[in-house]
1. Which entries in K53/K154; K106/K165; K512/K607 show an alpha-carbon gap greater than 18 Å?
2. Using only the Cα atoms of the range 57-263, what semi-axes does the equivalent ellipsoid have when each is the square root of 5 times a gyration tensor eigenvalue? Give whole Å, largest first.
3. If the only charges are +1 at each Lys and Arg Cβ and -1 at each Asp and Glu Cβ, what is the size of the charge dipole of the chain around the Cα centre, to the nearest 20 debye?
4. Let me check I've understood the local charge: for F758, count other residues with C-beta under 10 angstrom from its C-beta, Lys and Arg +1, Asp and Glu -1. What total comes out?
5. Out of all DSSP beta bridges with both ends in the range 491-632, state the antiparallel percent to the nearest 5.
6. How many angstrom lie between the C-alpha centres of the range 515-576 and the range 473-488?
7. Just to confirm a number: summing +1 for Lys and Arg and -1 for Asp and Glu over residues other than K115 whose beta-carbon lies under 12 angstrom from that of K115, what do you get?
8. Please express the Cα-Cα pair-distance distribution P(r) of the chain as a list of whole percents, one per 20 Å bin, running from 0 to the bin with the greatest distance.
Amino acid sequence: MIGSYIKTSKRNLMRNKLFSFINIVGLAISMSVGLLLIAFVLDLHSYDRFHTKGDRIYRITNVLTSNREQSSKFASTSIKAGKLIREKVTGIEEVAILRDFSQDAKVDNTILPVKGFWAEPSMLRIFTFPMLEGNPDTALKDPYSIVLTEAAAKKLFGNEPALGKAIQFDSLNYRVTGIMKDIPFFSHIHFEALVSFSTAEQLNRNDKNFEQWSNMSLNYVYLLLPSTADIASIRSQFTAIAKEENRVEESSFIQLELLPLYNIVVGENLRDMRGSVGPHMPPVMLWIVGGLALVVLLSACFNYTNLSIARGIRRFKEVGLRKAIGAGKSQVWQQFLAEAIMISLAALFLSFFLFLLLRPQLISLAPEMQRTVKLDLTPAMIIAFLLFSVTVGVAAGFMPALFFSKVSAISALRNVSSVKVFKRLTIRRILVVVQYTVTLIFITTTAIGYVQYKNILEFDLGFKTENILNINMQGNKSDAFFRELSEMPEVTALSKSLIITAVGNAWGGFMKYKDSRDSALVLTNHIDENYLALHEYKLIAGENFRARPTTTAAATEVIVNQQVLKRFNIGNKNPEKAIGEEITFSSFHGTRRMTIIGVMKDFHYGKVDNLIEPTAFMFRTPDDRTIINAKIRSNDMPATLAKIESAWKKFDRVHPFQAKFYDEEIEEAYSEFSVMIKIIGFLSFLAISIASMGLFGMVAFTTETRLKEISIRKVMGASYGNLIFLLSRNFILLLSISAFIALPVTYLFFEKMVLTRFPYHTPVQAVELLVGLPAVLLIAFLMIGSQTMKAAKSNPAEVLKSQ
């Protein structure tokens, strides 16, 4: 019976080559998007699955709340939190504390940068990082011990054995106590080396802030829970610890939460004081991309349904004869479903080649994408592709199969032409409207998104960024390189800063004014006296920095923005009256009294999807890490950059030159929007292509079934224009209905949902809304006109004779 279904389906497909071609190509194009999404999701869910105890591993996250402020979640936590959990919390198997490590390693006369973590021995018991040499139980036990990956050992020692050898960091000798396998690609933690945490404790024994409860910068805590762990009990114990430690800070407090290992990469977006550990993809992004891919796929399924029902009118007699000789509903249903699955499998073959063609394009959309996914074929992926193809076949063929299986033998032999759903609306008309509504939404979304993205890049941040090159000093003292840059004629101005603002970086602490119980998180940057002038910040009251402190604790002057005055009502929000007022500022550097010496006009410290927040600038001291901001004027920018890079290589032979223009930094900060627009634009192109193929098939079918009518009208004197109007009237009406639905829906979607995240967005313009409509109408006229011309050129005598 199955063989009979396959043979019959094959004959029907070959008999209707045009419709089969449209269905297979349309499904293949849409399925290629589905295959990319499947591969993308499988890659993301492959992260950290190689750990044998992965389902029992959790990371501690910090939830920081200040008075009158919303909570902020951080991926990092304090060393003290890790130690308190180990000491006081019951029902935990292992605790591992990690801290960022990045230093220059010296082996003989070779100096190379090494990145990794200070780590406790328990890390190698919690995670599955196989050791090739050395004892995992003791490798990180003693101070000044280091474990290298295979790649790091080869980088430092070449082909010589590394175990037991010495490495110098800051003139201190560390002994290599282990060599482990290179870290798998699908690990959220990547490192070249693990250094014993006891070393960090010794080096920071005189730093009172090292184990401070609020010092969450650079530290991560992982737990291994037993399989019978009582999560509720552990959380209640966390609450008790946090309550005890938060008593020292009345107006802000930290809570501890558990984050499962498998939810780190695909999970809630968390802040990190200095970057993030590994890749991250918010679930909402997967839902959005998945929803868009589903819409494109449904468009192709609508094509199949439309064309199958239209073409199937000719098969009513076949259905009637089948039922007349005893075929049941299920057999007719199975016949049409088998045909749809065959088309879907044929489309899978073509879509797989499209997948291979599109895969490198998707990965190259953004540097972050290259670091996150590989999209390599795996057995699980191939099985998922096959199941996906069968599912698509069932989805596409379900409605035609159901439609024809319910037709009675008498009605089928009478050649019923269509089925009504609501009075004068047929299934096919509804599907055409839905399909073109979706297509118009795609096109309009792309146009609006592109315009908004460009507006973001050109947005007035409140300071200037043109031709400013930000050079990361990577831990080097900046004075010598600063002097060398100042001697270059192309460099017109120089300044120094701790971070680059307006690109998502953040630094800050808690500020208090007169009320000791009222504090607020204030974002900060540490700058020198040249920074404001170079970036053209608007100082509306007071003056620039006067003092030149040599330590952070000695920096007592602060320049604030207008939001600080509003937040604390300093000087009744009058900038002039705020000058000379004192505030208290607390960070992991300690608490100090500071004097307001200047007030800046509000500017965007963070990205433009955030409201302008209270911000303060403090003087950059020699103990701060440094970014040099160089204002450049040159007629040959590549040659100037090469000149600066050449100077860097003489200054630092170890670290590669790291510098980007400010505008490039901003563009990269919004790369996720750029990627999303490119993806939606690509899906828009696919949607309109699939819809156009479907429209072409429907017009071809309509023209073919009305060929006799067209011939009679032609004999009676109808012109080409009359015939085009006759055939296009219904389609243009359906497209108009689609436009009346799609345009308001898109407008409301952006104005009420998407753009509400951007408080400084520009309103959606009519041009952006209407840009897709002419394109769709033009394609429709081309499809209809081509078939009408073909029918109009036919010989009426031959057509009427054959009819």
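Each reported figure results from applying straightforward, stated rules to the coordinates on display, with no laboratory input. A quick note: this is a predicted structure, and the numbers were derived from the prediction, not measured. Here the Cβ is made from the backbone with ideal geometry for all residues, glycine too, and neighbour counts use every protein chain on show.
1. Values: K53/K154 29 Å; K106/K165 12 Å; K512/K607 25 Å.
Checking Cα-Cα distances, K53/K154; K512/K607 exceed 18 Å.
2. Values: eigenvalues 218, 73, 41 Å².
So the three semi-axes of the range 57-263 are 33, 19, 14 Å.
3. Working: 88 positive and 70 negative charges, 1001 e Å.
Taking the Cα centre of the chain as origin, the dipole is about 4800 debye.
4. Working: positive: K607, R757; negative: D609.
Result for the neighbourhood of F758: +1.
5. Working: 27 of 37 bridges.
Roughly 75 percent of the DSSP beta bridges within the range 491-632 come out antiparallel.
6. 26
7. Working: positive: K155; negative: D100, D104, E192.
Combined, the nearby Lys, Arg, Asp and Glu give -2.
8. 13, 36, 30, 17, 5, 0
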